[in-house]
Each structure stands twice: as C-alpha cells, then as structure tokens.
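Written below as structure tokens is the structure these notes are about.
The values are calculated or read from the model by the stated rules, or taken from the named source; none is laboratory data. What you are looking at is a predicted structure, and each value in this text was computed from that prediction instead of being measured. Glycine gets a Cβ as well: all are built from the backbone with ideal geometry, and neighbour counts include every protein chain shown. Ligands, DNA and RNA are stripped out before the accessible areas are found, and what is left, the full protein with its side chains, is counted by its heavy atoms. Shrake-Rupley method; radii C 1.70, N 1.55, O 1.52, S 1.80 Å.
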Amino acid sequence: LLPYPEGITVETVSHHNIDIFAEANVEGFEYPVEWRESIKAGLHSQLESANTHLFLARCEGEPAGTAIMTVRNGMGSLSGGSVVPGFRGKGCQLALILHRMHIAHQLGCNLIGSAAEFGSTSFRNQQRAGLRLAFIESGWKRL
C-alpha cells in the first residue's frame with residue numbers, strides 16, 4: 001500500500017458522518033443545486049447496503065473527497081469518486097483509490113474494477129495506484 005499524500009486521511013462513512021459525505025459528494029461532482037437533495041437521499045440509502053462501502057477523504061481535516069466501493073463475488077468495484085473543487089490536485093482521489101484497494105483486499109477480493117475516461121485525471125490516478133487498462137469502451141453514432 002502506497003502512503004497517502006501528506007495531510008490526507010480517509011475514513012469509513014457511517015451514520016455519524018453521512019451528511020458530511022453527502023455534501024462533499026454533491027460539491028465534488030458539482031451537481032446542479034436542484035438535484036442535490038435527491039442525490040443526498042440516494043447516498044443515504046446506499047449506507048444501508050451490506051455490499052456498499054462509502055469513504056470520505058479529508059485534507060487537513062476538511063471534507064475534501066468521496067468514493068464508493070461495491071463488493072460482490074470477490075470483486076471490488078470502485079465508483080463515485082469525487083473531489084471538492086478547492087481540494088483538487090492535492091492527492092485526495094489517489095488516496096481514496098488506494099484506500100478502497102486496501103479494503104477490497106481485506107474483504108477477500110481477488111479482482112478490482114473501475115472506470116474512467118481514457119487519459120483523464122481519474123484514469124491517471126487509477127494507473128498510479130496500480131490498476132491497469134483492461135479494455136476501452138467506445139460509443140458509435142451515425143453521421
């Protein structure tokens with residue numbers, strides 16, 4: 001496990017910090033204001049799923065990023081990674097990827113999957129953490 005960037009911590013989300021997680025998530029994804037309450041409610045419901053694990057990154061103690069991992073049949077699926085705009089470029093996303101990979105290993109996962117736009121910051125962070133490209137999904141349209 002690589003060390004997290006300095007000043008970054010990652011914690012498991014529970015009932016005591018779900019509201020902080022939900023707020024950081026909608027800020028990180030920069031959702032329109034009119035969607036935010038509905039999205040927060042959906043995140044609250046995910047906390048109840050035994051297969052879903054939510055994580056909150058803090059930068060110097062401030063809520064800075066969020067991530068989700070679903071575990072099924074020995075596979076950890078990384079999703080829902082977001083970083084609050086003021087904390088981007090400080091290593092929060094990388095720390096969240098590394099943390100989920102570590103937890104997946106602890107839970108007995110022998111495969112980890114994720115997705116990102118090819119060449120994006122998320123893609124590069126996943127590669128820094130040790131994930132490798134398995135395939136490229138493409139979309140086609142008639143011109």
Please list, ordered by first then second residue, the pairs with beta carbon atoms under 7 Å, 6 or more apart or interchain, first in region 21-40 and on the phi < 0 side of the Ramachandran plot, second among the polar types (S, T, N, Q) and buried (at least 16 other Cβ atoms within 10 Å of the Cβ).
Phe21/Thr66; Ala24/Thr66; Asn25/Thr66; Asn25/Ser82; Gly28/Thr66; Gly28/Ser82; Phe29/Ser82
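Out of Lys40, Lys141, which single residue is among the charged types (D, E, K, R) and open to solvent by 60 Å² or more (accessible area, probe 1.4 Å)? Give the steps one after another, and end with the answer.
Details: Lys40 fails: open to solvent by 60 Å² or more (accessible area, probe 1.4 Å).
Lys141 is the lone residue from the list that is among the charged types (D, E, K, R) and open to solvent by 60 Å² or more (accessible area, probe 1.4 Å).
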Restricting region 72-82 to residues that are open to solvent by 20 Å² or more (accessible area, probe 1.4 Å) and either in contact (Cβ under 8 Å) with a residue 40 or more places away in the chain or among the small types (Gly, Ala, Ser) (or both), the residue that is farthest from Pro5 (Cα to Cα)
Gly74
Of (1) touching a residue at least 12 places away in the same chain (Cβ under 8 Å); (2) among the charged types (D, E, K, R); (3) under 24 Å from Tyr31 (Cβ atoms), Glu48 satisfies all except one. Which?
(1)
Of the residues Phe118, Phe123, only one is free of Cβ contacts under 8 Å to residues at least 12 places away in the same chain and either over 21 Å from Ala22 (Cα atoms) or not aromatic (Phe, Trp, Tyr) (or both); which?
Phe123
